[in-house]
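The values are calculated or read from the model by the stated rules, or taken from the named source; none is laboratory data. Quick caveat, the model's predicted, so the values are computed rather than measured. Note that we place each Cβ from the backbone using ideal geometry, even for glycine, and neighbour counts take in every protein chain shown. With ligands, DNA and RNA removed, areas are computed over all heavy atoms of the protein, side chains included. Shrake-Rupley method; radii C 1.70, N 1.55, O 1.52, S 1.80 Å.
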Amino acid sequence: MKNIILTGFMGTGKSSVGKRLAHELNVRFVDTDDLIEKRAGMGINEIFAQFGEEHFRQLESAVIEELSSSAGMVISTGGGAIVNQSNLEMLKRKGIIICLTASVDAILSRIGNGDERPLLAKGDSRGVVSGLLKLREPFYKKADFIIDTTAKSIGDVVKEILKIAR
Ligand code: S3P
């Protein structure tokens, strides 16, 4: 099996869908943010605060390179991962890329107070989310498949992906 890579903006359901999907397929699930935290020995917030976003992006690319040498996994990436063309190319080598999307309202309600998201720490979450979404749209469009999760349950999205993958 090729890797199934879930990407897309924060709050679009990548981790929840990824876990359920991996369970259904009986394969390993890897969340790149979790792996970055493990490798760095600190949380994403702490990495941003101590070393800045640029350093986080380097760790992210290193983890993506490492994961892209194997197949047979479900991988969920952070929302900014495929903005970097080289990350996208590495992931495509052994995988199909599925981008999950959602409306700004759905994203805001799913991410709650955004405590664990350093990019949303500046206050105006709606403004930041809308702005980043606009900037990232051209990159998200490079995915092999796009699924709008706004009005769907995790199970619905998993079923859609299984249809694509099988
Ligand atoms: C980011 C999304 C986060 C995490 C980091 C940066 C982004 O992951 O990688 O805070 O640039 O959109 P999730 O999309 O899993 O929240």
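Things to note:
- For beta carbons closer than 7 Å, sequence separation of 6+ or different chains, a first residue in region 127-152 that is open to solvent by 30 Å² or more (accessible area, probe 1.4 Å) and a second that is of a type in the set (Val, Ile, Thr) and away from the ligand (no atom under 16 Å from the Cβ), the qualifying pairs are Asp144/Ile96; Phe145/Ile164.
- Those helices (runs of 4 or more DSSP H) of region 7-126 in which at least 2 residues are more than 11 Å from the ligand (Cβ to nearest atom), open to solvent by less than 40 Å² (accessible area, probe 1.4 Å) and over 26 Å from Leu162 (Cβ atoms), considering only elements entirely within it, cover 104-111.
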